[in-house]
1. At 0.36 nm per residue, and after removing the present C-alpha to C-alpha distance, how many nm does the segment from residue 13 to residue 45 gain when stretched out fully?
2. Estimate the FRET efficiency between residue 79 and residue 114 by the formula 1/(1 + (r/R0)^6), using the beta-carbon distance for r and 45 Å for R0, to the nearest 0.05.
3. Which ordering of 183, 113, 81 is given by a fewest-first count of other beta-carbon atoms within 10 Å?
4. With each pseudo-label sitting 7 Å past Cα toward Cβ, what's the residue 36-residue 155 distance in nm, one decimal?
5. Could you work out the Kirkwood radius for the chain, taking every pair of different alpha carbons, averaging 1/r and inverting it, reported in Å?
6. In deg cm²/dmol and to the nearest 500, what is the mean residue ellipticity at 222 nm of the chain if only DSSP H runs of at least 4 residues count, each as -39500 (n - 2.57), divided by the residue total?
7. By how many nm would the segment from residue 291 to residue 276 grow when fully extended, if each residue of separation counts as 0.36 nm and the alpha-carbon distance is taken off?
8. At 10 °C and 1.306 mPa s, grab the translational diffusion coefficient of region 173-312 from Stokes-Einstein with a Kirkwood Rh over Cα pairs, rounded to a whole number in µm² per second.
Amino acid sequence: MSLDAQFQTPVASNRTRRLRKLWDAYRVPIVLLAPSLIFYAVFVLMPLGRAFQLSLTDWDGLAPTKNYVGVENYTGIWTESRFLMSLWRNALWWAMHVVLGAGGGLFLAILISEVGRGRFLFRTLAFFPHVLSLAVVGVIWGQLYHPSIGLFNTTLENLGLSTLTRVWLGDPAIALYSVGVASGWQAYGFYMVIFLAGIQSIDPQLYEAARVDGANAWQRIWDITIPSLHNTMTVVLTLAFISAMKGFGTVWAMTQGGPGYASELVAVYVWRTAFQSGAIGQAAAAGLSLALIVIVFSYLFNRWRDKVGSYT
């Protein structure tokens, strides 16, 4: 036996023993997680890898060849005013989700938690908008916003406030906000359930002690409920950001990003770029850029919240 073989055999056997020890220690978690990991790899990681490949080409979706262009698609979108404006609209969309969706959900959760009888009924009714599909929400609110027969304009006219009537979905100045109200209405039930779960985890003795000390309802909410929902709010704000960045269905059902580009979010920009302009590579670059923004922001936000929470 050669000198190299004499040294390789103990090394190989040691490596085998280490692998066997790792398998013995973690075989149960590995077996349990394997189906989920395989599913994640096939339906998430592989499509992401394929999208990254396409983002480096100028493929139009039909041509048999794909020309490599490097990072040209990435530099192109980050210098394009239309893409940057769609990112800004996504930021506004998130703000509306936080105020209307998360804020409305918190308000309702606090009200319902104070209800004695009928709590389940009120919770079910409040959650109802969230079970509606985005297409149905778009149709309902599209009718409410109708300039001639819509509830909003007819109500304003009946109140003698016809000067306040608007073409809610046709005015570039307010179209995004009009759709944002509809989206917040559809989302508040989801956030309400999360906040209710957080409120129910608060020790009831804290409220009893506050009542004994003479605290009124507002003081109990401000001094006990809100501070105790620190972790819940972190989850809600993160979910609201992710949901806002993915915003597509309600916008597409109501305005398709119009009028012009007035309500175009990044997801709508990606769809239009890919399937109307035929720039698959550019659309893939925009979609991956959005995914990277979501990942980085969520990570930094949660790190910041953890750091702030450690001092409170």
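Computed from the coordinates by the stated procedures, all read-outs in this text should not be read as laboratory data. These numbers come from a predicted model, not from an experiment. Here Cβ is always computed from backbone atoms with ideal geometry, including for glycine, and neighbour counts include all displayed protein chains.
1. Fully extending the segment from residue 13 to residue 45 adds 8.1 nm.
2. The computed FRET efficiency comes out at 0.30.
3. If I rank by nearby Cβ atoms, fewest first, I get 81, 113, 183.
4. Distance between the two pseudo-spin positions: 4.4 nm.
5. Averaging 1/r across every pair of different Cα atoms and inverting gives 23.7 Å.
6. Roughly -22000 deg cm²/dmol at 222 nm, from the helical runs in the chain.
7. 3.2 nm
8. My calculation gives 88 µm²/s for D.
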